[in-house]
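Asks: First the structure, which I've put down as C-alpha cells, then a few questions once you've had a look.
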Amino acid sequence: MSRPVQYDHKGRSTTLHPYNIFLTLFLAGITMLFLALSASYIYTRIQMKIPPIELPPLFIVNTLILIASSYTMKMANDAYKADDTDKYVQSLVYTIVLSFVFMISQAVAWSLLFKNNIPIAHSNTASYLYVISFLHFAHVVAGIPFLILFIRAAKTRMKDPVSVLVYFSDPEKKLKLKLLTFYWHFLDILWIYLVIFFYLNHLIS
C-alpha cells in the first residue's frame with residue numbers, strides 16, 4: 001500500500017506527493033526536449049551554413065503576454081491563500097483570457113513569417129523555428145483545460161460560506177493549484193529562453 005499524504009497545520013504536504021513527482025519528471029522531459037531541439041538547430045545552421053531566421057517583433061509582445069498570465073496565476077494563488085473567492089476566480093479567468101490572447105497573437109506571428117516568404121519549408125532553420133514554437137504553443141493549450149476545471153470547481157462548490165471554507169481548506173486542491181502555477185511559470189521561462197535563443201542566433205551570423 002502507498003503511504004498516505006500527510007499535511008502540516010498550514011495545509012502543506014510533509015510527504016512527497018505523486019503529483020510533485022509526475023510534474024518534476026514531465027518538466028524535466030520538456031526541458032530535455034527543447035534543449036535537444038536548440039542544439040539541433042545550432043548544429044544544422046552551422047553545418048549547412050544557413051542564415052538564422054529573424055523573428056517578428058510580435059514574439060516579444062507574446063513574451064509580455066505570457067509574463068502577464070504568470071502574474072495572474074500568482075494572483076490566483078494569493079487569493080486562494082487569502083480565501084478571496086471573487087479575486088481567485090477572476091484571476092483564473094484573466095489567465096485563460098491572456099492564454100487565448102497569446103495563442104491568437106502567436107498565430108498572427110506565424111502568418112507574418114509566411115507573408116515574409118518564410119514558410120515552414122523555407123529552410124531547416126525555419127522548420128526548427130516553427131516546430132519549437134508550436135511545441136511551446138501546444139503546452140500552453142494543454143494547460144487551459146486545467147484552468148477551466150479549477151474555475152468550474154470553484155463556481156459549483158463555493159456556493160455558501162461553509163462550502164467556501166471547505167474548498168479553500170482542501171490541501172490537495174491547494175497543491176494542484178500550486179503545481180499548475182509552477183507549470184505556468186515554467187512555460188513563461190521557457191518562452192523567454194526560446195526568444196532570447198533565436199534572437200542571439202540572429203545576431204550571430
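Bear in mind that the values in this text are calculations on the coordinates, not laboratory data. Just so it is clear, the model here is predicted, and its values are computed rather than measured. Reconstructed Cβ throughout: ideal geometry from the backbone, glycine too, with neighbour counts over all protein chains shown.
Asks: Is there a residue in segment 62-69 that is in contact with a Ser or Thr (Cβ under 6 Å, 6 or more places away or on another chain), within 17 Å of Phe186 (Cα to Cα) and part of a helix (DSSP H, G or I)?
Replies: yes
The rows are residues; the columns are (1) within 25 Å of Ala68 (Cα to Cα); (2) not aliphatic (A, V, I, L, M).
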{"site": "Ile96", "(1), (2)": "yes, no"}
{"site": "Asn116", "(1), (2)": "no, yes"}
{"site": "Leu135", "(1), (2)": "yes, no"}
{"site": "Thr156", "(1), (2)": "no, yes"}
{"site": "Asp170", "(1), (2)": "no, yes"}
{"site": "Lys173", "(1), (2)": "yes, yes"}
{"site": "Leu177", "(1), (2)": "yes, no"}
{"site": "Val195", "(1), (2)": "yes, no"}
{"site": "Leu203", "(1), (2)": "no, no"}
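Asks: Which one of Pro56, Pro51 is within 21 Å of Asp188 (Cβ to Cβ), in contact (Cβ under 8 Å) with a residue 12 or more places away in the chain and outside any helix (DSSP H, G or I)?
Replies: Checking each option against the conditions leaves just Pro56.
Asks: Next up: Please work out if Leu135 is farther than 22 Å from Phe182 by Cβ and touching a residue at least 24 places away in the same chain (Cβ under 8 Å).
Replies: No; evaluated as a whole, the condition is false for this residue.
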